[in-house]
Amino acid sequence: MMFAKLKALLRKAAERTVTGLWDRIGKLIDLIEHQEVRNFFTYVVTIQHDGQPL
């Protein structure tokens, strides 16, 4: 969900330059909850180790 949220926010912002896009990412990243980031990395680690959490 973390990347889906960031993607939706970026589309809404509709930046048209690379510099504008990076600046917007820098501002939007603060809107993502710490728990969303933790959940994402927990999921990635779990699927990379045959479904067994570390």
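The values are calculated or read from the model by the stated rules, or taken from the named source; none is laboratory data. Since the model is a prediction, treat every value here as computed from it, not as a measurement. Don't worry about glycine lacking a Cβ; one is built from the backbone with ideal geometry, like all the others, and counts go over all protein chains shown.
Of everything in region 22-47, what is at pLDDT below 90 and either touching a His at 6+ places or on another chain (Cβ under 8 Å) or among the β-branched types (Val, Ile, Thr) (or both)? Give them in sequence order.
29, 32, 37, 42, 44, 45, 46, 47
Go through (1) modelled with pLDDT under 90; (2) over 15 Å from the mean Cα position of the chain (by Cα); (3) not basic (Lys, Arg) one by one and return the number of the condition residue 19 breaks.
Of everything listed in (1) modelled with pLDDT under 90; (2) over 15 Å from the mean Cα position of the chain (by Cα); (3) not basic (Lys, Arg), residue 19 misses just condition (1).
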